[in-house]
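In what follows, a single structure is set out as structure tokens and then discussed.
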Amino acid sequence: MPYKGGVQLLPETQRRPTLASYTSGNSYFYAAVALGAVFLVISATLAGWRANIRDNIDAIDGQMSVSENARNKQQEQELVNASKQSRIMKDLLFNKLYWSQALARMQQMMQSSVTLTQMEATATKGTISFRATTDSYASVARQLAAFVAATGVNDISIKTIKATSQGTVEFDGDLIIDTKAMLTKQQPKK
Amino acid sequence: MSPKNIFGAFTLAIALFFFWPAVYGSWQETSALRSALSERQQLLDTRTAILTGAGQEYTKYQAAISGDAGRNFIQLVPVKKNTAELVSAVQDIAQNSGVQLAQVQIAEVKGKDTDPYKTLSLSLEMSGSYPSLRSFLGSLEQYVRILNVGSIQVSADRSSGQLRYSVKADSYFLK
């Protein structure tokens, strides 16, 4: 439209708005830029911190690797074995059986006229099965009385008593023993 | 609302939308790394303390087992079967007790899974006098390795005038 004089309110040509026209003096935009800058600074700081932490982790991993290589596994195994040994030893020694002690007690119980011809002693059953010969039924009776009176014999079961053609008397039976009293060492009382 | 304000608000929203997750994610990663570092440091400290303690205990252990009592301690329940040593010891004991060893059978017994040890079962066939049997049993009981006699069978051999023994015993070694 040609100029006709006077005040012209409308521009002659259409002007497109520029980016600057949106940003200049725009407080929201400035806030966004400031926020972005803050975030960038924070991100950079965190990235530096992470790198530092990773370095520390690598250093610790290195120390762990060194300590792993420095381990003496044979020594450790020896200690583990010693620990196991000391744990089981108490139990095994406490339950250790002393048959020499049982035989000595049995020897004390035996009458001089009685001869043992066979014996089978079993700790798990707690029995001593025996076969013996003697000169008379009276000796058998004395022997049985000695068994009954002895410490460590809980019970006695006689299977057979018979006279032989040689004039002797043969008898056999089982002694039910107190395995604790007969076979284990008595601990001295403190 | 003017287009300028709309643009500003939009820019601010974009900044929040993109940067906030980035910074928050970065912070979470940093926190995870800090936890990992702390855990590793604790692990290293614990490990160092354990290894130092183990070294000190080993020194004490070595000192303790250097004497006779210490050596016996190790042999009570040995780490390995040591079958040859056991047979040799039984042979020596039999010889010193005046017992004639006729047969030795050794078998590993499958015990309970909960047992911290394994069992070697010995079956011995012998002959000799009654005092020699008592001497043999006494020596077996005194042997440095734990030997538990479970059963004894004695019968008279009329032809030789001697006694025949069958002794079953258990010995132990570590699992």
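The values are calculated or read from the model by the stated rules, or taken from the named source; none is laboratory data. Everything numeric in this text was worked out from a predicted model, so none of it was measured. Every residue, glycine among them, receives a Cβ derived from its backbone with ideal geometry; neighbour counts consider all protein chains shown.
For the condition closer than 30 Å to B:Phe173 by Cα, β-branched (Val, Ile, Thr) and facing another protein chain (nearest Cβ under 7 Å), what is the one hit in A:Ile88, A:Ile60, A:Ile42? Exactly one residue qualifies, and that residue is A:Ile88. Among the numbered conditions (1) loosely packed, with under 12 Cβ neighbours inside 10 Å; (2) facing another protein chain (nearest Cβ under 9 Å), the only one that B:Thr30 does not meet is (1). May I ask you to verify whether B:Tyr172 is more than 9 Å from chain A (Cβ to nearest Cβ), surrounded by 22 or more Cβ atoms within 10 Å (Cβ to Cβ), touching a residue at least 24 places away in the same chain (Cβ under 8 Å) and not in a helix (DSSP H, G or I)? The answer is no for B:Tyr172. Set side by side, the residues A:Ala150, A:Ala123 differ, and just one is under 48 Å from the mean Cα position of the chain (by Cα) and modelled with pLDDT under 90, which is A:Ala150. Only one entry in B:Val99, B:Val87, B:Val77 is within 21 Å of the chain's Cα centre (by Cα) and either within 30 Å of B:Leu147 (Cβ to Cβ) or of a type outside the set (Asp, Glu) (or both), namely B:Val77. Residues that are among the hydrophobic types (A, V, I, L, M, F, W, C) and touching a helix residue (DSSP H, G or I) at 6+ places or on another chain (Cβ under 9 Å) were ranked within region B:35-62; the one that is nearest to A:Ile53 (Cα to Cα) is B:Leu37. Taking into account only those residues within region A:95-128 that are hydrophobic (A, V, I, L, M, F, W, C) and free of Cβ contacts under 8 Å to residues at least 12 places away in the same chain, which is farthest from the other protein chains (Cβ to nearest Cβ)? Taking the candidates together, the pick is A:Ala104. Looking only at region A:56-77, which residues are modelled with pLDDT under 90 and among the acidic types (Asp, Glu)? Across region A:56-77, there are no qualifying residues. Right, A:Glu78: among the acidic types (Asp, Glu), crowded, with 17+ Cβ neighbours inside 10 Å and under 21 Å from B:Arg164 (Cβ atoms) or not? So A:Glu78 fails the test. Looking only at residues of region B:54-91 that are charged (D, E, K, R), more than 11 Å from chain A (Cβ to nearest Cβ) and under 25 Å from B:Lys110 (Cα atoms), we find that the one that is surrounded by the fewest Cβ atoms within 10 Å (Cβ to Cβ) is B:Glu85. The set of residues from region B:127-145 being surrounded by fewer than 22 Cβ atoms within 10 Å (Cβ to Cβ) and at the interface with chain A (Cβ under 8 Å from one of its Cβ atoms) comprises B:Arg134, B:Gly138, B:Glu141.
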